[in-house]
Amino acid sequence: MSTIESILKETRSFPPSDDFRRKAQISGMEAYNALCEQADDHYLSFWGDLARELIAWKKPFSRVLDDSNAPFFKWFDDGVLNVSYNCLDRHLPLNANKIALIFEADDGEVTRVTYSELHRRVCQFANGLKSLGVAKGDRVVIYMPMVIEAIVAMQACARIGAIHSVVFGGFSAGALRDRVQDAGAKVVITANEGLRGGKTVALKATTDEAFELGGCESVSSVVVYQRTNNGASKWTEGRDVWWHKLIEGQAEECEPEWVNAEDPLFILYTSGSTGKPKGIQHSTAGFLLGALNSFRWIFDYKPNDVYWCTADVGWITGHSYITYGPLGHGATQVIFEGVPTYPDASRFWRMIEKHKVSIFYTAPTAIRSLIKLGADLPAKYDLSSLRVLGTVGEPINPEAWMWYYEVVGGGRCPIVDTWWQTETGSAMIAPTPGAVPTKPGSCTLPLPGIMADIVDESGAPVEPGKGGFLVIKKPFPSLVRTIWGDPDRFRKTYFPDEFEGKYYLAGDSAHRDESGYFWIMGRIDDVLNVSGHRLGTMEIESALVANPLVAEAAVVGKPHDIKGEAVVAFVVLKGSRPSGDEARKVADNLKQWVAHEIGKIAQPDEIRFGENLPKTRSGKIMRRLLRSLARGEEIVQDVSTLENPQILAQLQEAAN
Ligand code: 6R9
């Protein structure tokens, strides 16, 4: 088998500056290695000590891990706590007047909320929920725009022991209905409308539509936050209640419901390999510990930081790194209602300057689209407040990484590429930035205490450079506890018999370089087999994006008589979308380019140009949809969450 020269075999490496390292929480590789050794030698006390250090317990736990019913692990299971108490009340003695949230609305209006004010709002709303009959263990679906009240709603659920299930505001009525039904929700919290990029999003109308589809009979109340002056198109008396009416006259104190460490904190639905979304169920203490500990380690968080994560609370990143991790540390954070390109592609840079953001966490897709729309724009703003830059959600190609590092970070800020999943609840593989040198395109090394490895089909570790399955060999506190209502699917999906049910199977493929760094190659189903050669779609995409003409690329496989699979590349150029002879010419050039960058076997068989790629509202490229397009199949997938449905037509024909 000929070796593919992967451009992912990056040789560049960026250690933290001396100054950064000296001031860092985990300062230098020795400190990092010492923590890893501690975890290796005393796994349970490593996590037990962290749980005692970082969480305020009502009643301490006496046992760290109960693995008697593996893979249904229990952590700290006789401990008693409340997450909202940990995120709010415990900061009040010293930091009541510290700003918790700097909310920037779609139209640029800024609202600041202190910890004492947030505490008051959460308590009032929690009391409001109780008045609707919501009690410990009840499920509450939150279908909200990215506003302060979305966080208030989540914290209020945590305060009374209700299990929230946030449904991203871009989801359709059908998707909302499925989630409400599967969770058996008692209450749905929504807004009359959301605001995004100058446009309204009809959240209440979509909620009504979800109810009309049937299946939402478990719901007795719909709470409606009034975000815009437009009111609500329909009103169901007896079911619908305005947020502002609900909190009227409610007490400003609400005693937290003290819950067990293993009581569920939330369910978050995520797509699986089948059509039915999986309700990923997280625990209270284990999840909180993962969010708190990783937040301080990956971002080297300090109390005077201004932190901004651009995710929506509809995704796991918004749970761990907006609602819980930062608030649990008493951090000041920016939350943003809008989109990166409205009113123009300088929005992020302007906001970083305005709010003096020091830690910025976003997605590679946002970075790539902002490169396309104005690679020179960051230079127009004062971004000197920045000290750490993070990415999450997908592999970042080295070109985008270098731009982020040099143009946004001024060559000064470590890039923390954080690999993790809805299921893992917190970052797993990511640099601790004061210690681990970074490499463009690699999420680097596992956090101390995370026993990540890459194995073959039999579960044996693979050699450096060889691809394999990414697994985590020991349970860890923030790991998914089960799939809501489907423990069997949980076990089969994540602890498959192939590995004797012992390893958590992440569903990603990866390889490691000589220095042990992890390079994520993509989902297991994104690995192509072309003429017996394994190709990460990411490798071909990286090669394409390295071409000066290309802004973004996604590669999928399609069946091929001789090669097994053929490579189809969907490409967005930095200039306008080419057609006819011009398209053929560019396609030919790009094929030769890939052959040159990686090897002839990776050369795309087909190139299709679009003005954009089909993405979910969270910015993930919809690869399954691209595979259907590549195969010329009828589109049967739900495209209701597509940001830009009109581009599907463009991607239906090959340029060559
Ligand atoms: C946090 C989040 C999880 C999947 C995961 C992987 C991909 C996430 C990544 C990454 C490469 C990174 N992924 N972070 N791939 N490098 N830094 O995104 O959760 O929405 O559940 O997605 O995303 O494929 O398996 P989720």
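Each reported figure results from applying straightforward, stated rules to the coordinates on display, with no laboratory input. Computed from a prediction, not measured in an experiment: that's the story for all the values here. Don't worry about glycine lacking a Cβ; one is built from the backbone with ideal geometry, like all the others, and counts go over all protein chains shown.
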So, over other residues within a Cβ distance under 14 Å of THR482, counting Lys, Arg +1 and Asp, Glu -1, the net charge is 0
So the angle from the long Cα axis of helix 364-374 to the longest Cα principal axis of the chain, reported in degrees to the nearest 10, equals 70
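State whether segment 455-532 is rounded, prolate or oblate according to the following rule on the C-alpha gyration tensor (a ≥ b ≥ c being the square roots of its eigenvalues): a/c under 1.5 gives rounded; otherwise a/b larger than b/c gives prolate, and the remaining case gives oblate.
prolate
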Quick one: which residues, 5 or more positions from THR332 or on another chain, have an amide H under 5 Å from its amide H? H modelled 1.01 Å from N in the peptide plane, none for Pro or chain starts.
TYR307
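What Kirkwood radius, in Å to one decimal, follows from the Cα pairs of the chain?
25.3
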Once phi is turned into θ = phi - 60°, what whole-Hz ³J(HN,Hα) does the Karplus curve with 6.51, -1.76 and 1.60 give for every residue of segment 455-468, x standing for Gly and Pro?
10, 8, 4, 8, x, 7, x, 8, 6, x, x, 8, x, x
Going by Cα centres, segment 168-201 and segment 491-519 are how many Å apart?
34
Hey, can you rank 639-646, 116-123 by average C-beta count inside 10 Å, highest first?
116-123, 639-646
What's the magnitude of the charge dipole for segment 185-225 around its Cα centre, counting Lys and Arg as +1 and Asp and Glu as -1 at the beta-carbon? Answer in Debye, nearest 20.
240
Expected vector for segment 541-547, Karplus 3J(HN,Hα) from phi with 6.51, -1.76, 1.60 and θ = phi - 60°, integer Hz, x for Gly and Pro, equals 4, 4, 4, 4, 5, 6, 6
Least to most buried among VAL134, VAL636, VAL201, by other C-beta atoms within 10 Å and fewest first, runs VAL636, VAL201, VAL134
Sequence-distant residues sharing a close amide H with PHE609 (under 5 Å, placed H)
VAL571, ALA655
Given the pairs LYS234/LYS620; LYS302/LYS615; LYS130/LYS245, which are separated by over 24 angstrom at their Cα positions?
LYS234/LYS620; LYS302/LYS615
Which of the cysteines in the chain are isolated, no other cysteine C-beta under 4.7 Å?
CYS36, CYS87, CYS157, CYS216, CYS309, CYS413, CYS443
When the chain is fully extended, how far beyond the present Cα-Cα distance does ALA546 get from SER13, taking 0.36 nm per residue of separation?
190.1 nm
With a ≥ b ≥ c the root eigenvalues of the C-alpha gyration tensor of segment 112-178, is it rounded (a/c under 1.5), prolate (a/b larger than b/c) or oblate?
oblate
To the nearest 10 degrees, how steeply does helix 580-597 sit against the main Cα axis of the chain, on a 0 to 90 scale?
90
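Please say if segment 411-478 is rounded, prolate or oblate, where rounded means a/c under 1.5 for a ≥ b ≥ c the square roots of the C-alpha gyration tensor eigenvalues, and otherwise the choice is prolate for a/b larger than b/c and oblate otherwise?
The shape class here is oblate.
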Long-range amide H partners of VAL416, meaning residues 5 or more apart or on another chain whose placed amide H is closer than 5 Å, are LEU389, GLY390, THR391
So, counting K/R as plus one and D/E as minus one, what does the shell of residues with Cβ under 13 Å around VAL572 add up to?
+3
Between the helical axis of 148-160 and the dominant principal axis of the chain, each derived from Cα atoms, what acute angle in degrees is found, rounded to the nearest 10?
60
